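FYI, it's all coordinate maths here, none of it is from the lab. This structure is a prediction, so every number in the text was calculated from the model and none was measured. Reconstructed Cβ throughout: ideal geometry from the backbone, glycine too, with neighbour counts over all protein chains shown.
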Amino acid sequence: MSSLEVERYEESELVERASRGDQAAFTELVRAHQHEVYTLAVRMVSDRELAYDVAQEAFVRAWRAIERFRGDAKFSTWMHRITVNTAFTHRDRRKRTRTDSLDDIYREPESASLTPERGGESAAMQGPLEDALKELPESLRAVVVLKDVYEWSHTEIAEHLDISVTAAKVRLHRARKSLRLTLWKHQDEGES
Amino acid sequence: MSTNCTIVRLRLPGVDSVDDLGEQLAGHVETCLTCQAEAARYRTLRDRLGGLSTAMVRAPSALVPSVTYRIDHLDDEEANGRSVVMRRAAIAVSAAAGAAVAATAGTIIVIGLRRGHHAA
């Protein structure tokens, strides 16, 4: 067995135990997937405080539903779906409770968020691409993140975002075009 | 810029490779330096976005304990949720009852006034 197979075996064992109500096994799964789930949440909502809430809620939802997890998909794939759904629930809740536009919320300055690990985050999340992603309207950002970062199909995106496949394609088109214009703006200005 | 260049620029954001543009436009890109440069930008963009899939953002250390805490107290949360629902239901029922009482009182007053008016 390769180390990956051992890992998968151990994970399926943990999932099996968790689905029988073993909370310690579930905590191990949370520990193993925390960074992945948090990263997806950050990419979906572009706000680390909100992403923390989303990740926490996603794991709680997973615990509630793990009894029904059949293991057809990988646990991480299942968690991704729950995280995306949770991110949208939080977005809707914020829409109802705040009058600010979501884009204003997502453009909060870094210093306004509180997590101590902020300084130690991967350098790969820094830079112009991440900044350009943050600047995108949330509906476009969700589609481009799911398609180009997580390789979801248009059909999967459409299902989860409750939009048509055509709408998913249109949003992807607009998101990529916007990112391209932002990232090569100076070069374009030099050419014109 | 030719018509083909314009069409390529319009369609590039929506495709995953130049081949998806169709034979004619893909053939144009092969011979057009401007379109090649534009296609290269979109390829770079997709590659960089794809690269984000392996770049992790470190979760705050409080995440795991906070999930454990929430799970430990799920029964309380659900009980609180139920009591909030019950409170909301009680408020709604009281409001409805209040409205019914007010409507009844209003009707009685109106009838009383009409009777008074007819008697006069």
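A few points about this structure:
- Under the Karplus curve 6.51 cos²θ - 1.76 cosθ + 1.60, θ = phi - 60°, whole-Hz ³J(HN,Hα) for segment A:156-162, x wherever Gly or Pro sits: 4, 4, 4, 4, 6, 8, 6
- Using a Förster distance of 45 Å, the FRET efficiency for residue A:187-residue A:73 (Cβ separation, nearest 0.05): 0.60
- A Förster radius of 45 Å combined with the Cβ-Cβ distance from residue B:74 to residue B:11 puts the calculated FRET efficiency at roughly 0.35.
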